[in-house]
Amino acid sequence: MVNAQQKDDTLVLTIEAPVIDASNAVAVRQALEESINKPGGKVAVDLHQVTLIDSAGVGVLLAVSKYNQERIALTNATPYVHSVLKLLRLQKMFNMADL
């Protein structure tokens, strides 16, 4: 569900699911939190495989960034995911970058 790789001082967490919705939101959140809650430097959540996200998926991103906002960046968001975050005016809340 989430693949973790260390790149220099950044832990890259690639969500390996085409959809983040109510059917898998709990599992994605748990997998992300397990990796993010380890001590360390920056964290990049790579969204390049996520083609669809609903409110449950957005809730996952909000939840994992709530206490770690300064450490977490969302990267490689697909156009759909980026448009959802922009529509909800959340793109400014997240540090968004491309790797």
Legend entry - Residue among ALA44, ALA27 that alone is outside any helix (DSSP H, G or I) and of a type outside the set (D, E, K, R): ALA44
Inset, instruction - Among the residues of segment 38-78, count how many are surrounded by fewer than 14 Cβ atoms within 10 Å (Cβ to Cβ) and at pLDDT 95 or above. - result: 1
Inset, instruction - Scan SER55, SER65 and give me the residue that is under 20 Å from SER23 (Cα atoms) and of a type outside the set (A, V, I, L, M, F, W, C). - result: SER55
Inset, instruction - For GLN6, indicate whether it is polar (S, T, N, Q), in a loop (DSSP other than H, G, I, E, B), out of contact with any strand residue (DSSP E or B) (no Cβ under 6 Å at 6 or more places or on another chain) and at pLDDT below 95. - result: no
Inset, instruction - Quickly run through segment 13-25 and pick out the residues that are of a type in the set (A, V, I, L, M, F, W, C) and within 14 Å of VAL58 (Cβ to Cβ). - result: ILE15, VAL19, ILE20, ALA22, ALA25
Inset, instruction - Go through segment 79-99 and count every residue that is touching a strand residue (DSSP E or B) at 6+ places or on another chain (Cβ under 7 Å), hydrophobic (A, V, I, L, M, F, W, C) and either in a loop (DSSP other than H, G, I, E, B) or surrounded by 12 or more Cβ atoms within 10 Å (Cβ to Cβ) (or both). - result: 5
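The values are calculated or read from the model by the stated rules, or taken from the named source; none is laboratory data. Keep in mind that what you see is a predicted model, and the values were worked out from it rather than measured. With ideal geometry, Cβ positions are generated from the backbone for all residues, glycine too; neighbour counts draw on all protein chains shown.
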